[in-house]
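The values are calculated or read from the model by the stated rules, or taken from the named source; none is laboratory data. Treat the numbers as computed from the prediction; the structure is a model and nothing was measured. Counting neighbours? That spans all protein chains shown, and the Cβs are built from the backbone with ideal geometry, glycine included. We work out accessible area using only protein heavy atoms, side chains counted, and drop any ligands, DNA or RNA first. Shrake-Rupley method; radii C 1.70, N 1.55, O 1.52, S 1.80 Å.
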Amino acid sequence: MKKISLDFETYSECDIKKAGAWVYSKDKSTKILCMAYSIDDQTPNIWLPKDRHPDFLIHPEKYEIHAWNSFFEWVIWTHVLKLPTPPISQWYDTAALASAMALPRALGACAIALGMPDNQLKDKRGYFLINKLSKPNKLNGDKVLLEEMYNYCIQDVITEQAIAKKLYKLNPLERKIWELDQAINIRGVKVDRPRIKDAIYLYETQQQILKTNLISLTGLDNPNSQKQFLGWLLDKGVLVDNVQKSTLQNILNSPDEFGVHEAVKLKLSLSKSAPKKYLSIKEKIGKGTRLHGNIMYHGASTGRWVSTGVNLQNIARPTLDPNTCIELIKTRNINSFAEENINPIEALSSSIRGMLVPTKNKKFVVGDYASIEARVLAWLAEQKDKVEIFKSDGKIYEHTASKMFRKPVETITKDERFLGKIAELACGYGGGAKAFHLMAENYGVDISKEKANVLKNDWRRANPNIVKFWADIETCAKDAIRYGVARKLRNIEFITKNRFLWCKLPSGRTLAYYSPVCKAKKVLCYSIDGANGATTTEVYNEVIHGDKQKFLSEARRLGAEPYEFDSTVIGFLGTDSKTRKWCSQYTYGAKLVENIAQAVSRDIMAHSMLELEKEDYNIVLTVHDEIISETESGTVEQFKTLMEKTPNWANGLPVSVEAYEAMRYKK
């Protein structure tokens, strides 16, 4: 087949950022301004809607279609051009290849990261041109600007082609996974549109009631203003520096000596963000009933999917029964919630998942991997006692507590089990006392730093192979960088090639770290003596500890003097998880292990997704370690069996799945 590289530039009154690519392409105002295309990497041509169609638009079956973020090109071809669309097997997304190599997914940023010459960089004037020509503006149709737009479109194709030559193709298995990802995004997931309308009506009604009550209680002009509300709290004798949920919750956890609790409760309800997802869903279904394009292949550097439309990855667990709440939502009557003693905002937050429903005459069958990362970590590290626990009763928290406290499993108390749970969640990837303390805090439990130190050490003593695995993985990675040779640790292999450190996973897929280097780094830490005479060292980690001054103050509060030592760390270029900017990063053994465990967990799930599709379980969504499918006649038992069947490369990995069928998505 001949290769076509193409890029569309469009105009629409629809806001693509709010509506998403699918609804944008279906909007009646959306039209094509131009299309740049290249045949077999030749000099790109420009095509305008008034021109004769090139052959690949008329006979697409003869061509491969390559584009950057090709889902956009697919929806424009399908819904705006309205010509026969090539099957997904003929589409190739260059942005997906970049993501699979942990490079920026934005075209311009990727070109800069790879050090492309000026004539192969994205045209910086594009942002201006899009604002003037692709959105309603008095300069729409300006002939001079349109000529610039055509050149900009051509340059995008040039940049995409140049980048593509530096990227590796997906291996055959990953190619199938990418094609399935596209099928899921095109298929979409159905939404209960009438209930969405009801929920939005109730949300807006309750917001007005809350705002009115808060104004009446505080006398403020705008209680949504952080500055005004902080001032009101200060006048009442409460000094805080923000109105974040955790800050306000801390106020409620203290005696109401200043008479502010009622106002704080109203403020918390007014600020609750979860119900706003109803508005997002409404925008992203447009005039239809399905959410399309809601997941992104290789959205994380480990290969995991992320949300690209409505963020369904961060919905809190329901605090109320969703079915009861949805029945109340149907009434569109705020008073009916009061009759049931149910907070309307809490009800809306608890019902978001339930707004996703199966297609008519089908049902949802959903499966969720239980503690998949912990299982993968134990299997990779050959922590055999833990693997056996997962194979038997699976009570990992009880068994962990048993080892930590050196007492029989059957005598473990509820509180000890909780500490075992915190240890498993906080310590598997090298987390120290601070990580343990923060994890406990997230569950509403205050554990002193001294106690956290002891418990962290107990966990490490109980899991020696995992601790050793951190160090062994770091050694392999450093050797591969320093000496340019392959280093293998059982089923994990590191090698440097073409400016990348590659980590080959058991599945054969690779994780990528661009421009790797071993470099000296000053490491800040402090040491304290434990009750048993052992010395514990806490190492500063910006992600865990935050501000460096707080770390120093904490050390001195514990009677320790902070100090620095020289260490060799692994540096590389990557996207910062907080700022999303391309910059220097560094990693270490336990962090590499976290990447590997998450990547292997993803590969297990991706394998299951392919197997489920073969058996007519039509996948409509993935959320974390969960697969959501719709089917006419499938069963929970078969679904669970298919998910628990591991690929050949994962022999001995103890996988367990919790599954259910329902007419609404739930947790």
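With r defined as the distance between the Cβ atoms of Q638 and A183 and R0 fixed at 22 Å, what FRET efficiency is calculated, to the nearest 0.05? Working shown, then result.
Working: r = 21 Å, r/R0 = 0.94.
Here the calculated transfer efficiency is 0.60.
How high is the relative contact order of the range 166-284, in percent, with contacts defined as C-alpha pairs under 8 Å that are six or more residues apart?
Values: 62 pairs, mean separation 32.2, N = 119.
Taking the mean separation of contacting Cα pairs over the length of the range 166-284, I get 27 percent.
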* Structure fact -> Mean shadow area (nm²) of the C-alpha convex hull around the range 172-218 is 5.7 nm²
* Asked: Expressed as a fraction of 2.2 N^0.38 Å, the rule-of-thumb size for a compact globular protein of N residues, what is the C-alpha radius of gyration of the range 462-560?
  -> 1.41
* Asked: How many nm separate the modelled label positions at N498 and E262, each set 7 Å beyond the Cα in the direction of the Cβ?
  -> 6.8 nm
* Computed on alpha carbon atoms, what radius of gyration and Dmax characterise the range 228-361, expressed in Å? -> 18.7, 59
* Asked: Based solely on its DSSP helices, what 222 nm [θ] is calculated for the chain when runs of n ≥ 4 H residues each add -39,500 (n - 2.57) and the sum is averaged over all residues, nearest 500 deg cm²/dmol?
  -> -14000 deg cm²/dmol
* Asked: What accessible area, in Å² to the nearest ten, does a 1.4 Å probe give for Y563?
  -> 90 Å²
* Structure fact -> One computes Rg over Rh for the range 89-148 from alpha-carbon atoms, with the Kirkwood Rh, and obtains 1.10
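Below 11 angstrom from the Cβ of F572, what's the summed charge of the other residues (Lys, Arg +1; Asp, Glu -1)? Display every interim value, and only then the final one.
Working: positive: R499, K519; negative: none.
Value of the local net charge: +2.
With N set to the number of residues, divide the alpha-carbon radius of gyration of the range 336-389 by 2.2 N^0.38 Å and report two decimals. Mind showing how you got there, number by number?
Numbers: Rg = 20.2 Å, N = 54, 2.2 N^0.38 = 10.0 Å.
With N residues counted in the range 336-389, Rg over 2.2 N^0.38 Å equals 2.01.
How about the range 616-667: which GluC sites (Glu not before Pro) there are in a DSSP loop, with at most 13 other Cβ atoms within 10 Å of their Cβ?
Numbers: sites: E626, E630, E632, E637, E644, E658, E661; in loops: E632.
When the GluC sites (Glu not before Pro) of the range 616-667 are filtered for loop state and at most 13 Cβ neighbours within 10 Å, E632 remain.
Computed from the mean reciprocal separation of all distinct C-alpha pairs, what Kirkwood hydrodynamic radius does the range 572-611 have, in Å?
On the way: mean 1/r = 0.0841 Å⁻¹.
Here the Kirkwood hydrodynamic radius works out to 11.9 Å.
Any chance you could tell me what percent of the C-alpha pair distances in the range 125-252 go past 27 Å? Can you show the working numbers first?
Numbers: 5302 of 8128 pairs.
Value for the range 125-252: 65 percent of Cα pairs lie more than 27 Å apart.
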* Inter-centroid distance (Cα atoms) of the range 110-133 relative to the range 1-66, Å -> 19 Å
* Structure fact -> Per its Cα gyration tensor (rounded if a/c is under 1.5, else prolate when a/b beats b/c, else oblate), the range 392-439 is best filed as prolate
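Using 0.36 nm per residue of separation minus the Cα-Cα distance, give me the extension gain between K227 and K391 in nm, one decimal.
Working it through step by step, the gained length comes to 53.6 nm.
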* Given a 1.4 Å probe and the protein chains all in place, what does the accessible area of R580 round to, in Å² to the nearest 10? -> 150 Å²
* Structure fact -> The equivalent-ellipsoid semi-axes of the range 454-506, taken as the square roots of five times the Cα gyration tensor eigenvalues and listed largest first in whole Å, are 28, 11, 8
* Asked: Under a no-solvent Debye model with one identical scatterer per Cα of the range 422-497, what's log10 I(q)/I(0) at q = 0.13 Å⁻¹?
  -> -0.51
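Hey, with R₀ at 30 Å, roughly what FRET efficiency would S89 and T289 work out to, going by the Cβ-Cβ distance, to 0.05? Write out the running numbers ahead of the final one.
Details: r = 28 Å, r/R0 = 0.92.
Computed FRET efficiency for S89 and T289: 0.60.
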* With the Cα gyration tensor of the range 415-459 giving a ≥ b ≥ c as the square roots of its eigenvalues, does the rule (a/c under 1.5 for rounded; else a/b larger than b/c for prolate; else oblate) give rounded, prolate or oblate? -> rounded
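May I ask you to give the average projected area over all directions of the convex hull of the Cα atoms of the range 286-372, in nm² rounded to one decimal?
On the way: hull surface 32.1 nm².
Taking a quarter of the hull surface, the average projection is 8.0 nm².
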* To do: In nm, give the distance between the simple-model label positions of D51 and A520, each being 7 Å from the Cα along the Cα-to-Cβ direction.
  => 5.8 nm
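With a Förster radius of 41 Å, plug the Cβ-Cβ distance of L552 and A370 into 1/(1 + (r/R0)^6) and report the FRET value to the nearest 0.05. Don't skip to the end; give the middle numbers.
Working: r = 40 Å, r/R0 = 0.99.
In this case the efficiency is close to 0.50.
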* Relative contact order [Cα under 8 Å, 6+ residues apart], the chain, whole percent -> 14 percent
* To do: Taking just the C-alpha trace of the range 287-335, give me its Rg and Dmax in Å.
  => 15.8, 48
* Relative compactness, the range 20-154, computed as alpha-carbon Rg over 2.2 N^0.38 Å -> 1.09
* In µm²/s, what is D for the chain at 37 °C and 0.692 mPa s, where D = kT/(6 pi eta Rh) by Stokes-Einstein and Rh is the Kirkwood radius from Cα pairs? -> 117 µm²/s
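Of K31/K122; K519/K578; K18/K434; K62/K165; K3/K277; K468/K497, which ones are farther than 30 Å apart at the Cα? It would help to have the intermediate numbers written out before the result.
Values: K31/K122 23 Å; K519/K578 23 Å; K18/K434 39 Å; K62/K165 22 Å; K3/K277 40 Å; K468/K497 27 Å.
Cα-Cα > 30 Å for K18/K434; K3/K277; rest within.
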* To do: Mind ranking M35, M1 by accessible surface for me, highest first, 1.4 Å probe?
  => M1, M35
* How long are the three semi-axes of the equivalent ellipsoid for the range 552-631, computed from the Cα gyration tensor as the root of 5 times each eigenvalue, in whole Å, largest first? -> 42, 16, 13
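Can you give the extra length, in nm with one decimal, that the chain gains between I32 and D446 once fully stretched, where that is 0.36 nm per residue apart less the Cα-Cα distance?
Working: separation 414, 0.36 × 414 = 149.04 nm, distance 5.81 nm.
Extra length available between I32 and D446 comes to 143.2 nm.
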* **Charge tally in the Cβ shell below 13 Å around K614, where Lys, Arg are +1 and Asp, Glu are -1, K614 excluded** => -2
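Starting from the Cα-Cα distance between T413 and N335, subtract it from 0.36 nm times their residue separation and give me the gain in nm to one decimal. Please list the in-between numbers first.
Details: separation 78, 0.36 × 78 = 28.08 nm, distance 4.35 nm.
In short, 23.7 nm is gained.
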* Counting Lys +1, Arg +1, Asp -1, Glu -1, what net charge surrounds M35 among other residues with beta carbon under 13 Å of its beta carbon? -> -2
